[in-house]
Every structure is written in C-alpha cells, then in structure tokens.
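Please treat every number below as a calculation from the coordinates, not as lab data. Please read these numbers as outputs of a predicted model, since none were measured by experiment. Reconstructed Cβ throughout: ideal geometry from the backbone, glycine too, with neighbour counts over all protein chains shown.
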Amino acid sequence: MIGSPVQIAYATDDVHAAARRWAERGVGPFFVLEHITVVDVRIDGEPADFDHSSAYAQWGSVMVELIRQHDPGPDPVVSTSGIHHVASFVDDFDVAGDALVADGFPRRLVARTSGGQTFAFHDARASLGHMIEIYERTDRLADFYDMVRDAATDWNGADPIRVL
C-alpha cells in the first residue's frame, strides 16, 4: 500500500541548531519553514492545532526532515528527539490510510497544508519505533522534493540554512 521511504524525519527542539549540526557533517543545504500553516487538523480524531517548523535537506537518496512541534501540550505528536517518522508517497491516500489502520497503525494526525496537500501520521511506534507519514505525490510536492535534491547536488557547504 505504501511506497519506498522518501523521507526520514527526526524530532528536535531547535530546527536551526539541528540543521547546522547536520550541515557541518556534509548534509545540506537545509530549507527551513517556520510555523508551517496547516488546516483541517485532527489529532486522534479530534479537531486540533499543529504548529510546527521543519528543515529539509537531501541525504543520499532520501530527504531528511528536522521537525519541531511548538507548544505541543500534554500529548505531543512530535517528541524532542529521535526518529519521528518515515514518509512514503501513496497512490491513493484514503486506501493507504485505511490499510495502515487495518494493519494496526492508527491515524495520529491528519491535516492539509495551505497548498492543499493532505498528509497523515500513522502511529507505528509500538512496532517500528516511529510514525509513518503518507501523502499522495502531486506536482507541487514533487517540485519541492526536486528543489531540495537539486540544491544538494554539488553543494559546496555555502549558505547551509535557507529560510523559505
């Protein structure tokens, strides 16, 4: 139901500092989005807010995301360290999501970006140690992935953190 991983995300309490550490080790450049606007958020089936910031870079054949949830409340979706999620493109968001639920990976969060991209985190922490993120491949999302990957090609270490 889900494809190969296209992204590995690590939770952090500071996306800028984490991006600098990764860049010092040769991964980059990082593209930072702060307080990413998402709408129609549901956490554990209930309406909610999901205020988060992320930094994105290419790491070999996979994108790396460094993610921080702001003001997570008593039951955060994102912790402050460790692998948060592994993301995959899916052909049909609803079919793949239902299959993950049937396989014992409940939807923890479902939301939509301001650009209209629906995504979900399915809780696989008990068996895999992280969430699974799914979304359908769209031209807009593919362009973002291409931009991050292309920036990493022959990157010389200059301008390691780029705020979008």
Answer in debye to the nearest 20: the dipole magnitude of region 10-102 about its Cα centre, from +1 Lys/Arg and -1 Asp/Glu charges placed on Cβ, is 660 debye
Checking the a/c ratio against 1.5 first, then a/b against b/c, what shape does the Cα gyration tensor give for the chain?
prolate
Dipole of region 70-164, Cα-centred, from +1 at each Lys and Arg C-beta and -1 at each Asp and Glu C-beta, to the nearest 20 debye?
280 debye
What full-extension length gain, to one decimal in nm, is calculated for Asp150 and Asp51 as 0.36 nm per residue of separation minus the Cα-Cα distance?
32.8 nm
Once you place label points 7 Å from the Cα toward the Cβ at Thr138 and Ala17, how far apart are they in nm?
3.4 nm
May I ask for the distance between the Cα centers of region 1-26 and region 52-91, given as a whole number of Å?
7 Å
For region 5-150, what's the relative contact order in percent, using C-alpha pairs closer than 8 Å and at least 6 residues apart?
27 percent
Rounded to the nearest 500 deg cm²/dmol, what is the calculated helix-only ellipticity per residue at 222 nm for the chain, with -39500 (n - 2.57) per DSSP H run of length n ≥ 4?
-6500 deg cm²/dmol
If one builds a Gaussian network model of the chain from Cα atoms under 10 Å apart, the most fluctuating residue listed among Tyr56, Tyr135, Tyr145 is Tyr145
Projecting each Cα onto the charge dipole of region 5-150 (Lys/Arg +1, Asp/Glu -1 at the beta carbon, about the Cα centre), which of Ala126, Gln58, Gly97 comes out farthest on the positive side?
Gln58
To the nearest 20 Debye, how big is the dipole of the chain about its Cα centre, given +1 on the beta carbon of each Lys and Arg and -1 on that of each Asp and Glu?
440 debye
Using only the alpha carbons of region 117-164, what is the convex hull's orientation-averaged projected area in square nanometres?
5.1 nm²
